[in-house]
Amino acid sequence: MAKILVVDDEPEINNYVALALRLEGHETFQAYDGKQAIALLEEQVADLILSDMQMPVMGGLEMAQILRDNPTTETIPVIFVTGRQELEYRVRGLEYAVDYIIKPFATPELLARVRAALRLRALEMEMRATNEQLALANEHLARANEQLELLALTDELTRICNRRGFDKWLEDELWRARRLSTPVALLMFDLDHFKEVNDTWGHAQGDAVLQEFALLLRNSSRHIDIVARFGGEEFAVVLPATDLEGAQIFAEKARVSLDELRIERVTGDAENLSPLHVTTSGGGAVMDNVPGEISIEELGKGLIRAADRHLYEAKAAGRNAVAVRKYQHESLLPEQNPEFISTEQR
């Protein structure tokens, strides 16, 4: 059953109402003015309040207003039990109470109205709990969707961006560079003779090489840089707010770091085999500003074509080399540079 607070400054009525409620099976506690009731509710929880409207110290209406403004008591339903019959009082009372009983009252009517108020309270609490569960479920769903979106943009093997993620972040960075009038650089890396690694030592060893190079690039980058597996053994790095010198330094550092790295064997007689030596070639393109008259999509494609061209040049020059150039935005467009060689054409 319920726990009910009875508030009335007349002890006889207060005790009578409390007794009737206890006989109905409810637990009761009593106060003799609104201020005392508020103090009791700081220590105890009530499912329902039966209160007179006019009392010394603090009346029921003022008490109800204070309780509604308190998050811990705002949901407790109030029934006013009062001798005031005027319409004005009833209207004001029902703004803060779920019911209004006029003294003198019949006990069966009082108990019936209490049952109705408690049913309403139960439904309200059930609805509140359901809404909280829905809110929690929605929060979990939103987090799950974020994780799914992150997974959709992440390469499963290397745990860096995949091609889809790269396209998204490149577009975002080009928009940001346009807005802030800052340069942006794109670097492309390709592991040299990677097919021989797979053919000689197996795909498990090839996967280990890809993972090591991805980790090397990630550890070399800033938190604002985007490192992605562009496809196969090819990687891409977007460097926001980076000029030609900065892009050249990053590309050369990545090349040298891999050249000096020795990758542990993971297949065959791994304990007795020397670590694997792998090199990379890189190409890059830097754009000093992102103009507003050319679409972001076209500029992104142009950067990729330019970086890819210089990657091909580094390969043709003997591999284990990097080539990075600066471009004006017009020269990134295919009609200006038809000689650009794409990854698919190599």
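Read-outs throughout are calculated quantities, based only on the coordinates presented, and are distinct from any laboratory measurement. These numbers come from a predicted model, not from an experiment. Glycine gets a Cβ as well: all are built from the backbone with ideal geometry, and neighbour counts include every protein chain shown.
Quick look at the values:
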| item | result |
| --- | --- |
| Added length on full extension, which subtracts the Cα-Cα distance from 0.36 nm per residue, L151 to T200 | 14.5 nm |
| Residues in segment 4-28 reached by a label modelled at E109 [backbone nitrogen below 16 Å; 7 Å Cα→Cβ] | 17 |
| Candidates N14, N289, N162, ranked by Gaussian network fluctuation over the chain, Cα under 10 Å, top entry | N14 |
| Extension gain, E43 back to H277 (0.36 nm per residue minus Cα-Cα distance, nm) | 77.0 nm |
| Gyration tensor verdict on segment 3-129 (Cα atoms; rounded if a/c is under 1.5, prolate if a/b is larger than b/c, oblate otherwise) | rounded |
| Against the rule of thumb 2.2 N^0.38 Å, how large the Cα Rg of the chain comes out | 1.84 |
| Ellipticity estimate at 222 nm from DSSP helix runs (n ≥ 4, -39,500 (n - 2.57)) divided over the chain, nearest 500 | -16000 deg cm²/dmol |
| Taking only Cα atoms of segment 6-73, radius of gyration then Dmax in Å | 11.5, 32 |
| Segment 114-227: C-alpha gyration tensor shape, a/c 1.5 cut-off, then a/b vs b/c | oblate |
| Global geometry of segment 73-112, whether rounded, prolate or oblate, following the gyration tensor of its Cα atoms and the 1.5 cut on a/c | oblate |
| Of the DSSP H helices in the chain, those whose Cα atoms cover at least 15 Å axially and whose Kyte score averages -1.0 or more | 11-23, 107-152, 203-220, 244-260, 296-316 |
| Built amide H within the under 5 Å cut-off of C161, gap 5+ | D155, V227, R229 |
| Inter-site label distance for Q133 and S257 at 7 Å from Cα along Cβ, in nm | 5.0 nm |
| Highest-fluctuation residue, Q328, Q54, Q211 considered, GNM on the chain with Cα pairs under 10 Å | Q54 |
| Between segment 203-249 and segment 44-59, the Cα center-to-center distance that results, in Å | 69 Å |
| Sequence-distant aspartates and glutamates (8 or more away, or on other chains) whose Cα lies within less than 15 Å of K3 | E24, E27, E42, E43, D47 |
| Ellipsoid semi-axes in whole angstrom, largest first, where each is sqrt(5λ) of the Cα gyration tensor of segment 154-345 | 31, 16, 14 |
| For T279, distant residues with modelled amide H under 5 Å away | D192 |
| For the chain, share of DSSP beta bridges that run antiparallel, in % to the nearest 5 | 50 percent |
| Beta bridge orientation in segment 3-129: antiparallel %, DSSP, nearest 5 | 0 percent |
